[in-house]
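Student: This is the structure, below, for whatever I ask next.
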Amino acid sequence: MRLRRIYHFLVKEFIQAVRDPRLRFFLIAPPMIQLMMYGYAINFDIQHISTAVYDEARTPQSRALINRFSSNPSFDLKYYLTNPGQVRDLLDRGKATFALRLPYDFAQRLKEGKPGAVQFIIDGTDSNAALIVGRYGNTILNDYSLELLQERLSIRGLPGSRGAPVVVEEQTWFNKNRISHVSFVPGVIGMVVMLVSIMLTSLSVVREREMGTMEQLLVTPIRPVEFILGKTVPFVLISLADVVLVTLIALFWFEVPFRGSYWVLLLGTLLFLLSTVGVGLLMSAMCSTQQQAMMVSSFFFVPFIMLSGLVFPIPNMPVGVQYLTYLNPLRYFIIIIQDVFLKGVGLAVLWPQMAGLAILGAALLVLSVLRFRQRLA
């Protein structure tokens, strides 16, 4: 009899979800739109850096270094300055992000075997971008310095003239070309799934209260556990369908490689949905209207993203905040989905994240049941 009640409750939820045109739109359009928007808009690769050059030396050596910057696709040399005051003006107006200044004695110091001083002036308004721009500039400068060193050794006939004294053989695993969307799009899938599952679960319960059908449920033999199952299972299945949809977009549109097991991804997604549905149920228990539920969902959504490690590395956070991230289900799922997509690892590696999601999800669902027992009593 209990299974029959749950079955009819599930059918009722599916029918209600399909009949509502706004809910149908919310189930399909937002996940696709968000994945496309975030996949293209969020890009940590910096190109076409607006660059200004102030060359006081005006020598073949200084022009050779400037040509290295102009031939690099990351730098756009737009301004050739004649006095140092122009540098400040361009950076103040936001017309230039990077300025290269070569002093008048640059070539002379190189001829004398002394280090030639080169000044980088970077707009630090965006600190992360400034770090990347500085790293790009240092890479070009190091290559130039290495070439000068080899020339000097060759002229002197020293053994090191055949190559650099230290050679770095660099390899990047899992994302060979260091493309931002390859590492970021899998994390966006977790963001989209979290938003859909939390919003749908919280709104569905509050909608019963707004429509006055909650009182009708109170006089039925349905129990709190059955009520929660009837409210969560349909949206878990719908969220799984959204996972399939956005995963296909990631694979075939953004061409993100998938090296792991679909079964491991499915297990991780189910455990993640266990947590997010629990969060949605707790929100619905605290809210009386759909507007309140949406506001509370938005309040939690941003901290979940910021403390997930997707945007900001968790080790860089204060120690207290790092411990707080263990209460964030998105933290665990980001690791699972990125490792399954890019590294191809399985349960032998990901079991701590799976266990964390299972514990967190079970605790949230228990709290939800206890809360609804108070509301339905």
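Student: Quick one: if you stick a label point 7 Å off each Cα along the C-beta vector at SER288 and VAL311, how many nm between them?
Tutor: Between SER288 and VAL311, the label points sit 3.3 nm apart.
Student: Here's another thing I want to ask about it. Identify the residues of region 227-262 with backbone N under 19 Å of a label point that sits 7 angstrom from the Cα of GLN47 along the Cα-to-Cβ direction, or state none.
Tutor: 253-257
Student: Please turn the phi angles of region 133-149 into ³J(HN,Hα) values with the Karplus equation 6.51 cos²θ - 1.76 cosθ + 1.60 (θ = phi - 60°), one per residue in order, whole Hz, x for glycine and proline.
Tutor: Going residue by residue, I get 4, x, 5, 4, x, 5, 4, 5, 5, 5, 4, 5, 5, 5, 5, 5, 5 Hz, with x marking Gly and Pro.
Student: Something else now. Mind listing the long-range amide H neighbours of ASP76? Cut-off is under 5 Å, sequence gap 5 or more, other chains count too, H placed in the peptide plane at 1.01 Å from N.
Tutor: ILE49, SER50, THR51
Student: Separate question: Taking the Cβ-Cβ separation of VAL244 and ASN138 as r and a Förster radius of 41 Å, what is the calculated FRET efficiency to the nearest 0.05?
Tutor: Taking R0 as 41 Å, the efficiency between VAL244 and ASN138 is 0.40.
Student: According to a simple spin-label model (label point 7 Å from Cα along Cα-to-Cβ), what is the distance in nm between GLN108 and TYR323?
Tutor: 6.1 nm
Student: Taking 7 Å along the Cα-to-C-beta vector as the label spot, tell me the LYS343-SER145 distance in nanometres, rounded to one decimal.
Tutor: 3.4 nm
Every number here is computed from the coordinates shown, using simple stated rules; none is lab data. These figures come from a predicted structure and were not determined experimentally. Please note: Cβ atoms are built from the backbone with ideal geometry, for glycine as well, and neighbour counts cover all protein chains shown.
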